[in-house]
Amino acid sequence: MLFSNTARLPHLLLATLLVILQQPLKSQASYDTKACNNSPHLCDLSYGAITYLGTHNSPFLRDKSTSFSTSGNQYFNATVQLSAGIRLLQGQLHKDDKGGEPRLCHSSCTLLDGGTLGSWLSQIKAWMDKNPSEGTSSELGRRFTPEEKY
């Protein structure tokens, strides 16, 4: 058993902490200036080896553009969210009743219509073009029957 004498555990933890605190801190200048998803330390890791912060219903805003709708979940649009470090954007796809492009709607399009999927993805692509060392994920649920095709 690793810690058969638990009375010594606090002393072991304190000794470990003291060793860590005595190590010289690396200066920011010693890091590569390239950052990947907000950190130079992440550049050598695969995307799947990192945990990312995400936003639920990221396209559904509660701001002036939606008259501060209580159906909105976010106060900032997707590109502001990405600039703040969000890397998982989640939303809901709905069929356009007029046969057009899929829409991003919160529960129903009459409740809160976040616009077309293409428009939202164009904003994200523009942000990614300006931030080529960054990666993002999107999770899109669909709100139409399997018989409905796009």
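The values are calculated or read from the model by the stated rules, or taken from the named source; none is laboratory data. All values reported here derive from a predicted model rather than from experimental measurement. Note that we place each Cβ from the backbone using ideal geometry, even for glycine, and neighbour counts take in every protein chain shown. Side chains included, ligands, DNA and RNA excluded: accessible areas come from the protein's heavy atoms. Shrake-Rupley method; radii C 1.70, N 1.55, O 1.52, S 1.80 Å.
Numerical summary
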read-out: L93 long-range amide H proximity, modeled H, under 5 Å; value: G141, R142, R143
read-out: Label-point gap, in nm, between T51 and A84 - each point 7 angstrom along Cα→Cβ; value: 2.0
read-out: Amide H partners (placed H, <5 Å) of S138, local residues excluded; value: L89
read-out: Equivalent ellipsoid, region 37-120 (semi-axes from 5 times Cα gyration tensor eigenvalues, Å); value: 28, 15, 9
read-out: Rounded to whole Hz, the Karplus (6.51, -1.76, 1.60) HN-Hα couplings of region 108-124, x for glycine and proline; value: 8, 5, 6, 6, 7, 9, x, x, 7, 4, x, 5, 5, 5, 5, 5, 5
read-out: Accessible heavy-atom area order of K125, K64, K95, highest first, probe of 1.4 Å; value: K64, K125, K95
read-out: Heavy atoms of T79: accessible area, 1.4 Å probe, square angstrom to 10; value: 40
read-out: FRET efficiency for A35 and S138, using Cβ-Cβ distance with R0 set to 22 Å, rounded to 0.05; value: 0.55
